Amino acid sequence: MTLAIWQLAYFYLIGLALALLEIEIEGAEGWAKKLPTKRIKVWWYQKVGKEITGYHLVLQIFLLLFMHLPMVLENRFSWELEILIISQYLFFMIYWDYLWFVLNPYFKLKNFKPGGVPWHTSWILGLPLEYWLGILAGIFLPVVFFGWAQFFVQLTYLAVYLILVFLTFGFYYIFFRSKL
């Protein structure tokens, strides 16, 4: 099972809308710093300098339920579709998070680096560790279950999302460059 470009664009638009919504909710303070939400301490998550917020936990559950809606509406389940949804969710998490930085008028993109984002504490090659883990899992989860033919499909999905992020960044730069 493969996704069409319009389906990838649809997922991307959901991530874009969610990034904009989260900017409205959080404002200048990321990671729900000033929101009245629970702070959940989980030892393995604290190892990377983070806490789980009730806000983000509920939001993640909502997103996973939302992304499974087609299976519920069509009353069908397949492992292929489940792995596809999970891999898309992993890519979604990355571009949604990055768009928060790109589009947030309170955040300068030049601060997207080690030390500039308090909740991203581990960086590799200019990106947060979580991005790399999401990319690798998003690519290789389908490969593990369905074989190496899926590798290039996943790379294509990732490339489309990167192109959409760069187009968004370019559009924002042209019309709102004073915010960068």
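Just so it is clear, none of the values below were taken in a lab; they were calculated from the coordinates. Quick caveat: nothing in here was measured; it's all calculated off a predicted structure. Backbone-built Cβ (ideal geometry, glycine too); neighbour counts: all protein chains shown.
Applying the Karplus relation 6.51 cos²θ - 1.76 cosθ + 1.60 with θ = phi - 60° to segment 110-119 yields 3J(HN,Hα) values of 5, 8, 7, 6, x, x, x, 10, x, 8 Hz, where x marks Gly and Pro. Taking θ as phi - 60° and the Karplus parameters 6.51, -1.76 and 1.60, the scalar couplings of segment 79-94 work out to 5, 4, 5, 4, 5, 4, 4, 5, 5, 5, 4, 5, 5, 4, 4, 6 Hz in sequence order, x denoting glycine and proline.
For the chain, the longest principal axis of the C-alpha atoms and the axis of helix 129-146 are separated by about 0°.
Against the chain, whose longest principal axis is taken from its Cα atoms, helix 54-67 shows a tilt of about 30°.
Less than 5 angstrom separates the built amide H of THR53 from those of ILE40, all sequence-distant by 5 or more or on a different chain. Globularity index of segment 72-123 is 1.66 (Cα radius of gyration / 2.2 N^0.38 Å, N = number of residues). Across the options SER122, PRO70, LEU136, the greatest Cα extent toward the positive end of the charge dipole of the chain (unit charges at beta carbon of Lys, Arg, Asp, Glu) belongs to SER122.
Overall, the chain carries a charge dipole of about 680 debye about its Cα centre when +1 sits on the Cβ of Lys and Arg and -1 on the Cβ of Asp and Glu, all other atoms neutral. In terms of overall dimensions, the C-alpha atoms belonging to the chain reach 42, 41, 33 Å along their principal axes, ordered largest to smallest.
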